[in-house]
Every structure is written in structure tokens, then in C-alpha cells.
1. In contact with a Leu (Cβ under 7 Å, 6 or more places away or on another chain) and open to solvent by less than 40 Å² (accessible area, probe 1.4 Å) - does that describe any residue in segment 169-181?
2. Counting only residues that are surrounded by 22 or more Cβ atoms within 10 Å (Cβ to Cβ) and either farther than 12 Å from Thr133 by Cβ or aromatic (Phe, Trp, Tyr) (or both), how many does segment 90-99 have?
3. When you go through Pro107, Pro80 one by one, which is the residue that is surrounded by fewer than 20 Cβ atoms within 10 Å (Cβ to Cβ) and closer than 26 Å to Arg55 by Cα?
4. Restricting to segment 110-133, name every residue that is open to solvent by 40 Å² or more (accessible area, probe 1.4 Å) and more than 19 Å from Ser70 (Cα to Cα).
5. For segment 139-181, which positions are within 14 Å of Met126 (Cα to Cα) and not in a helix (DSSP H, G or I)?
6. Do the conditions hold for Lys81, that is, is it of a type in the set (Lys, Arg) and modelled with pLDDT of 85 or more?
7. Please state which one of Met147, Met114, Met157, Met105 is under 21 Å from Thr74 (Cβ atoms), touching a helix residue (DSSP H, G or I) at 6+ places or on another chain (Cβ under 7 Å) and hydrophobic (A, V, I, L, M, F, W, C).
8. Please find, among Ala156, Ala136, Ala146, the residue that is surrounded by 14 or more Cβ atoms within 10 Å (Cβ to Cβ), under 30 Å from Ile83 (Cβ atoms) and modelled with pLDDT under 90.
Amino acid sequence: RRSAAPSRPIPTPGAALPREGRHEKLRRVLAGQDDEEQGLTAQVLDASTLSFGTRVRWFAICFVAGILCSFLGTALLWLPKGIKLFAVFYTLGNIAALASTCFLMGPLKQLKAMFDPKRLIATIVMLLCLILTLCAVFWWNKKGLAMLFCILQFLAMTWYSLSYIPFARDAVIKCFSSCLG
């Protein structure tokens, strides 16, 4: 006798796949879902009431908005007193780009991934530079310092993003070490 595995309906030719099965593999990979049971608190913090398609759309919207804010900030930099607008829009762009992945992964998994040991330094530098950019432009009125923090934001965000691509950081380190040495 065979095991009592749950049976799956076989779709007839030309019939649409059930909504649950269309993007199941991609959804599991992006959401980092395991077959393990989660505690009630983790389920509540991690659960999303949005459909997978909606989450992907909002990811794209936030990511594009982040890019547009960064470009708009760069364009506004050349206006008189544009440094404040640049710092605000560039920082908002980075926050929107970072928040976009919350729609794919969920906020709890995003935070866990951000503070994973391999991303911890980049995350801390990135968040610190986001705050220091705004402090430099609004409270300290130091344009040069604001620009430095924006550059550090970019570098930290890049290093953070590279941590999600296998061997990307190693490739960058090898490239720079061969160029410098």
C-alpha cells in the first residue's frame, strides 16, 4: 500500500493552474519559507495578508520610487540650496529601495536578513549614514559632510546588496585588489 500523501488535482489541458500553485516555488524562495512549524508570534509578525502578485507589484513600485527619488535628489543638487533637497530625496530613495524588499520577504525576515552577521556592519553603516546625512544637512548645516554621508550611504547600500549575490563580494574584493596591487 502507498503512503497517504495528499493528492493533488491534475489540471486538464488548457485549464488555469490554481492560484496557490502558480508561483509557489518562487514565493517560497523569496519568502524563505520552511516546512518547519513557527511559533504564534513569528506567524503573526511574518504573515502577510497581501497576495504574492500584490507583494511583487508593491516591491516594484517602492523600488522604482526609490530610484526616482535618488535621481530627483541628484538633479535638485544643482539648484541653489539644493543640498538639503538632495540629501532628503537621496535618503528617501534609499529607504524606499530598502523597504521594497519588505514586501517580498516580510518585515520580520527582512530585519533578520539585515542583521545577519555577514550584513551587520553594512547595515549599521547604512542606517547610521541615513541618519547622519539628515543631521548634517538640517542641524549642522554642513554641506560637505552631508555629501560624504550620501557617498557612504551609497557604498554601504551597495555592499549590503552584494551580500545577497553569491560570491559577489569576493569578486569585488578581487577586482579592487588586482587594480590596486
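1. Looking for residues that are in contact with a Leu (Cβ under 7 Å, 6 or more places away or on another chain) and open to solvent by less than 40 Å² (accessible area, probe 1.4 Å), one finds none in segment 169-181, hence no.
2. Residues flagged as surrounded by 22 or more Cβ atoms within 10 Å (Cβ to Cβ) and either farther than 12 Å from Thr133 by Cβ or aromatic (Phe, Trp, Tyr) (or both) within segment 90-99 amount to 1.
3. Pro107
4. Result: Leu111, Lys112, Phe115, Asp116, Pro117, Lys118, Leu120, Ile121, Ile124.
5. Correct list: Ser163 only.
6. No; evaluated as a whole, the condition is false for this residue.
7. Result of the check over Met147, Met114, Met157, Met105: Met157.
8. From the options Ala156, Ala136, Ala146, the qualifying one is Ala146.
The values are calculated or read from the model by the stated rules, or taken from the named source; none is laboratory data. Note that the coordinates shown come from a computational prediction; the quantities given were computed from them, not determined experimentally. Quick reminder, even Gly has a Cβ in these numbers, built from the backbone with ideal geometry, and neighbours come from all protein chains shown. Each accessible area value is taken on the protein alone, full model and side chains, heavy atoms only, with ligands, DNA and RNA left out. Shrake-Rupley method; radii C 1.70, N 1.55, O 1.52, S 1.80 Å.
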